[in-house]
Ligand SMILES: [Fe+2]
């Protein structure tokens with residue numbers, strides 16, 4: 001009986017991995033969706049309220065000041081799951097970005113292509129209110145409270161757009177390779193390199209702040225209560241100035257705190273690194289990076305090989 005009640009409590013709303021609405025969208029192949037706001041349960045709003053409340057002091061202490069400002073600029077309600085259209089009302093005038101609801105994983109090229117168009121694929125489900133630290137897949141707290149505040153910053157937003165342009169460059173280069181096996185191998189390597197670079201910057205990046213203090217700007221860190229303190233304070237974390245040749249060859253695992261993080265000097269520095277990434281790609285330096293995580297799925301590969309690219 002207790003189990004039954006538990007299932008009902010969470011499956012009625014938009015709870016991560018337990019939402020019939022999302023299951024149905026995925027089954028019918030609908031990737032871009034409307035945020036079905038009325039489906040959020042009180043349980044879902046409760047999860048948002050708890051997550052948002054406990055991050056406040058952590059953000060004050062460990063986040064890049066631009067992020068704090070972004071949270072204010074978006075006027076997020078601390079008590080209710082945000083409506084994406086409300087978020088976009090504040091976000092769009094600042095950098096042209098907007099959050100766009102999706103039903104789940106977006107194949108790599110499509111994801112980067114959205115960034116190029118200043119759209120951010122955004123998960124609408126939220127983790128269970130009784131398991132705040134367990135996150136089997138991204139949720140709306142990670143996407144809206146972790147990513148989107150940074151999108152209010154012009155330099156950061158422009159960097160995301162550059163990632164989208166670099167994805168187009170990759171598709172262009174690889175679609176020109178005639179031999180199919182070679183094409184798949186090169187594409188897999190390039191996707192791996194770009195995914196690693198994205199992971200160690202946009203998701204888990206550190207920056208040198210005022211007076212040399214290290215702060216977090218990566219959304220995986222900014223949306224994690226435990227890891228945000230750990231990434232700055234723990235002696236167990238290796239923190240090194242970013243080197244592109246290291247990052248593109250460095251595997252990562254997603255199911256535990258990151259033991260190795262990279263520091264950039266500024267968003268201008270990050271932007272220039274994305275330029276370098278593209279230059280290296282054109283020179284073939286990403287064609288055979290070190291194997292290992294992340295896995296490149298068949299859908300990711302296909303998304304690049306069949307991409308419609310701007311010429
Ligand atoms: Fe993310």
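The values are calculated or read from the model by the stated rules, or taken from the named source; none is laboratory data. Everything numeric in this text was worked out from a predicted model, so none of it was measured. Neighbour counts run over all protein chains shown; Cβ positions are idealised from the backbone, glycine included.
Numbers for the structure displayed
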item	result
Only one of 150, 207 that is more than 16 Å from the ligand (Cβ to nearest atom) and surrounded by 20 or more Cβ atoms within 10 Å (Cβ to Cβ)	207
Residue match in region 247-255 (condition: under 20 Å from residue 162 (Cα atoms), surrounded by 13 or more Cβ atoms within 10 Å (Cβ to Cβ) and at pLDDT 95 or above)	yes
Selection within region 91-111 - outside any loop (DSSP other than H, G, I, E, B) and in contact (Cβ under 8 Å) with a residue 60 or more places away in the chain	91, 94, 95, 100, 101, 102, 108, 109, 110
Lone qualifier among 144, 173, 177 - being touching a helix residue (DSSP H, G or I) at 6+ places or on another chain (Cβ under 9 Å), modelled with pLDDT of 95 or more and closer than 30 Å to residue 42 by Cβ	144
Criterion: within 12 Å of the ligand (Cβ to nearest atom) and crowded, with 24+ Cβ neighbours inside 10 Å - qualifying residue of 144, 126, 190	144
